[in-house]
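Only the coordinates and a few stated rules stand behind these numbers; no lab work does. As the structure is a computational prediction, the values presented were derived from the model and not from experiment. Because the Cβ atoms are built from the backbone with ideal geometry, glycine has one as well, and the counts that use them run over all protein chains shown.
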C-alpha cells in the first residue's frame, strides 16, 4: 500500500523530470594524470570514474591473444557509494556480471586487431550510486578510451528506459528501478545506429518492446551529444594550452 | 530547462540512513488557468468560470491546505465546489497521512468536471521553498503553501487580460498560517469562516448540513473511552508480542461483541472483545491492535444476544453484567482469550463514494414537523454491526421513515457514538426498489449501468457478430461434435457445454467447452477494468447485476444452441474407469447442438427409446460422472447442504407468491463433476507455468473447536463425529442418520457447513504448495475456470491458461506479479462474499414480503443455542431466525423462565407442574412466524412448542400478539420484551459448498 507514487498527476516523476527526460549529465575527460586515459561522469546522482591503461603488454601470458588485443574490465563500487556504508569484494557476482557486459560491449567497437598480443585495461569506479550502473560504466569507458587515444569505430553511448504504470520512462534512477520495473539498457553506436548491448531486467511485454527500445535509443543519442561536446571542449582546451600564443 | 537541486533527507529503516535524491526545478510548469495568456498549457483545467460566493465577492480559485482536506473532504467532495488548486505539498502530505482521503482526492482529480488541478509547486522554480536550518516541518510546509498561493495570485493578475481577474484564496485550519498569509497579502480564510463561505452559496442549501457537524457537537459526558496508543507504541507492542493485530469482526447478533483472529501462545485462535469500552471506538472491519486481559477476566462462549441496548443503561453496568455471567460459568469450559482494543491500525469507515445506509431513530426527534432547526439525531445503520451514528440535520422530520445514507466523520473519545453527517435519502422504507438499492449499497455491489467507455470495447458488429475465418486460424474447429449444454431452465448466460464420444481404442473422449470471454475482454481495456471491479455477477431473487455487458454475457459469449461460438476447450481422454489418460487444452469454435435443462437431460437419459448420438453422449457422460463422483467421495469429498430456496414470483408485481426448496437431479451432479474435473486439470496446468502467480482456489481445514461443539451435541443422540480428515468427517456425516427424521442429516450437513472456513482465491506464490488444497472437494489443487461470464477469477485463469498452452501468446506482467495477483484475489474474495451476502439479503427481503400479513405455524429445528435464546431453522422455507427470551429483569429473586445450562449447552426450564423442559441443538420445535417492525421489517419467530411459561406464546394469544405492542403474557416480563425483539440477519459466514462451481445459482426469468 505504501508504494510511492512514481509518476505524479501532472506527469512529473518524483524528482521533477518528465517521462522522456534524462538526468543532468556532467562529464570531464582526462581527470587522472597517471592513467593513459581517464574520465569522470555524473548522471544525476550516479557518479563514475574511469581509467584506461594500454594498449600495453599483457600482464599474464594466458591472456595473450595472438591476433588482437585483449580487453580487461574491472569494476568496483565504493563503500560510500550507497546510503549504507558497505564494503564489497572484488568478486561480487553482480559487479563481475556488469564488468563482463561492459567488456562485451566494447570488444566489437575497439579496433583490437591493431594491437595484437597486447592488453587494454579499463578500471571503473562507482563513487556514488543512484541507478543506471551499466549505462554510466559504458559512457565513462567511452570517454576514457577516447582520452587514451585508443582507436574505436565510433562512440558507444548507453541509456536505459523502462515502463512504470504504462508510461515509458527514460533513464531510471534507483527508486524507479527498485520496484521490479522492466528496464531495458541499450548501448548504441549513435551514427551507424548499431546496437552493441541490449539488456533487459524483469519482464517486458513484447508489444511494448519496440517503443521502449526507441525511447532508449533516443536517450543514447542525447548522451552522445553531451559526450561529443565534452570531448571537443577538452581537445580545444588542450590545443589552447599547447599554443600559448593564442 | 533542467535545474538541478539536490537535497538531503533522512528516512527511518530500522536505523537512520541518509538518502540523497535529486530534485529538479522547472520553468515549464503552467498555471493551467483558462484565462492565462502567459503559460503554454494546452488543456487548461481551471476554468474562467470560477467559484463565486458572497463572502468573497469575486470569482476565485481555492487552495485548501492539508488539514482542510483531512477534516472536510466531504465538503470538498460536494459538487458545488469546483476549480480547486491542489498543491503538490498538500497532495503528498495527504498520501502520507491518510490513504483514504488521498484516494478520495484522487477520484476528485480524475473527475474532469470538478476541475481539481494539482500544481507541482515543489518543482516550480519560483514557488520552490527551501527548508531553513532547523525549521519545523509544518512551518516550512506552510511557507511553501503560502509562496505558491502568492505566486498564483500575482501570476493570474499579470496573466489575465484586463478586467477578468480571478483571485486565489487559501483555506486553512491553522490560525498562525492564516495570519502569516494575511500579513503577506494573501487572501486567506480559516475553517470557521467556511460556514460563512458556505452560507454564501445560496444555490446549495444542503451544503450547510455538511459543515454543520464541524462545530458544536453535543458531548455525551457519561462515557469516556480510553486514549488510543500511538503508532510507535503499537508497533513496538506488536513486535514484542504484548499486542495482537487483527481485523475486527463484530457479532451479527450483538454489536457490542467483537473478535479478531490471531495467534495466542502459538495457537491460532479468536480473541474476544466484549463491551463498548473494550471495543474502544473500533467498528466492524477495522484493523485493530488488541491487548489481552488478565486470564481471570477471560470470557467463554456462548454469547448472549443483546438485542437493543437500554438507552439509560450505562456502560459500567453492562460490563458488570458480563462479569457476573462469567463467574456463574466459571468451572465449565476453558475460557477464551479476551482482550481490549488499544489502537486502530487501519480504519474501515466506509468512505466516499460509499456510506452507511440507515434510518433515523424516531425516538430522538424532538422538534415539530415544520421546524427547520437543526438537531442531533441518531441513525441506526442497516448493518447491525455498526453502532448508531450521531448526525445533525435540519430535515429530521422529512427523513423519518426513509432510508438514508450517512457517513461517519469522527469518533472523539468523549462521545458515546460516532459522529457523522447526512449524505442523501434513498426512498421510503419497505419499498422493494428502495430496499433492493439498500442491500446493493450495503454490500458494496457496483450496480450502475455500464458506461459508454466500457460499451465501446464491445465488438462493433453488435448482435450480428459472427465467427469468421480469421477466428479459425489458431482454433480447433469442433463444430461437428455433438456438444450440448445443460443448465437450469431459462438460463441465458450459458458458459459451459459438454461432449463425449467413444474412441476407437475403447477409451472415451470428453470435452468441456467454456465460453471464450477473453477473446472479447482484452486485458487493460475499460471493459476489463470494469469487469475486474465488479468481480462477479450478483444474483438477486428478482434481478441480476451483470459483470459483463449483456451483449457479451447473454449473447456473444453465451453458448447458445445451433450458433457458432468461440470457446476454450478442455479435452480429456478417459478410460472406462474414468481415469485421465491424457488432457489437452485448446481454443476452439463450437456449435452447441442443444441447450438442455437439467430436466430435459434427465429425460433423455431415462428414455430408452431415444438413441440419437447426442443422447448417447449424454449417457456416456452420466456413466463417467458417476464413477468420478464415486472416486471423489472415496477420497473424502464432503457433501454439504445449504437451506436454499427458490421463489415463485408474481409475474407483474414480482412479489413472491410461493417459496419452494431447490431440488437437485442426477444431471446437476453430471455437470458438476466435469466442471470440477476441468477446474482441477486447469489448475495443475497454470500452476506448472505460473508457479509464483497462478490464481487458485483454496479451502482451508475447518476450525476444530466449532466441530467439537457439534460433535458434543451429536453424542447425545448416540452418534459420533470424527473430523481428523475430510474423509473421516464425510464418513461420519454419512452415518449420522436418525430413523424417521429425514431432515436430521440435512440439518447436520448445514451445521457442518457453518463450521467451515470460507473458500477463497489465493495466489500460488503467497502460499506453500501443501496449502493449496481444497478441503471440501478433497483435492490438492483447484481453481475456477468454468464460468468466465459471471466470475472475473475465471477470466484471469483463462488468460493464464492461454499463456500456458501457447508459447507465442503475449501476456503482460500483470499475470506474473505475485503481489498484483494477491491483491486481485483479495478484491475478488471481497466481491464474492458481498455477492453472496447480497443474494441472501435479497432472499430475506422476499421472505419478509411473502410473510407480510401472514402468521404461520411451522416446524423448525434448533440450529444454535445462545445464552438468552436460540436460532431456529425452518426447513420448509429455508429461513432461520432467533427466538429470544426476555432478560431476567430487575429483581434477582424471581427465577428466570429459562436458564442456560452451559454444561450441556442447552436451555432449561421448569414448568409449573415441576417437570423439566430442555431445548438443545437439533431439537424439533414448533414456532410461529410473522413479520413485524416499522423501520426494519423483520421476521418475528416465537416459540409455540414446547410450551415454556413466560417465554412461549400460546396459540390462543396469537391474535393479540400480532398487533399488540407489548406481549401481555406475564406481568414480570412485559417491560421490554418487544423492544428486545430485533431480529437478526442471516449468518454472514460464507457457506462453502463444493467450492462454488458445484453451486450453480441461476435465476429464473
*How well do other chains shield peptide B:18-29, expressed as the mean number of their Cβ atoms within 10 Å of each residue Cβ?*
5
*Output the relative contact order of chain A, whole-number percent, from Cα pairs under 8 angstrom with separation of 6+ residues.*
20
*Kindly work out what percent of the DSSP beta bridges joining two residues of the range A:1-124 are antiparallel, to the nearest 5.*
75
*For chain A, with a Gaussian network of springs between Cα atoms less than 10 Å apart, report the residue from A:114, A:145, A:95 with the top mean-square fluctuation.*
A:114
*Rank by packing, highest mean first: peptides B:434-440, B:234-240, with packing defined as the count of other Cβ atoms within 10 Å averaged across residues.*
B:434-440, B:234-240
_Where Rh is the Kirkwood radius over Cα pairs, Rg/Rh for the range A:25-242_ = 0.97
*Using a Förster distance of 30 Å, how high is the FRET efficiency between residue B:235 and residue B:827, based on the Cβ-Cβ distance and rounded to 0.05?*
0.65
*How many angstrom separate the Cα center of the range B:658-736 from the Cα center of the range A:77-96?*
54
*Shielding by other protein chains, B:810-817, mean Cβ within 10 Å*: 4
*Debye log10 I(q)/I(0) for the range B:434-484, one point scatterer per Cα, at q = 0.16, 0.23, 0.24, 0.28 Å⁻¹*: -0.76, -0.94, -0.98, -1.08
*How do B:127-136, B:755-764, A:193-202 rank on mean C-beta neighbours within 10 Å, highest first?*
B:755-764, A:193-202, B:127-136
*For B:940, A:61, B:456, B:814, what ranking results if the residue with the fewest other Cβ atoms within 10 Å of its Cβ goes first?*
A:61, B:456, B:814, B:940
*Using just the helices of chain A, give the 222 nm mean residue ellipticity in deg cm²/dmol: DSSP H runs with n ≥ 4 each add -39,500 (n - 2.57), and the total is spread over all residues, rounded to 500.*
-9500 deg cm²/dmol
*Listed highest first by mean packing, meaning other Cβ atoms within 10 Å per residue, what order do B:264-272, A:20-28 come in?*
A:20-28, B:264-272
*Just counting partner chain Cβ atoms within 10 Å, what average do the residues of peptide A:202-214 show around their Cβ?*
2
_Rel. contact order, % - alpha carbon contacts under 8 angstrom, at least six apart, the range B:702-756_ = 37
*asked:* If I fit a long axis through the Cα atoms of helix A:133-147 and take the longest principal axis of the Cα atoms of chain A, what angle between them do I get, 0 to 90°, rounded to 10?
replied: 30
_Return the equivalent ellipsoid semi-axes of the range B:702-756 as a descending list in whole Å, where each equals the square root of 5 times an eigenvalue of the C-alpha gyration tensor._
17, 11, 11
*Which angle from 0 to 90°, rounded to the nearest 10, does the C-alpha axis of helix A:206-242 make with the longest principal axis of chain A?*
40
_Spatial separation of Cα centroids for the range B:560-609 and the range B:410-472, in angstrom_ = 36
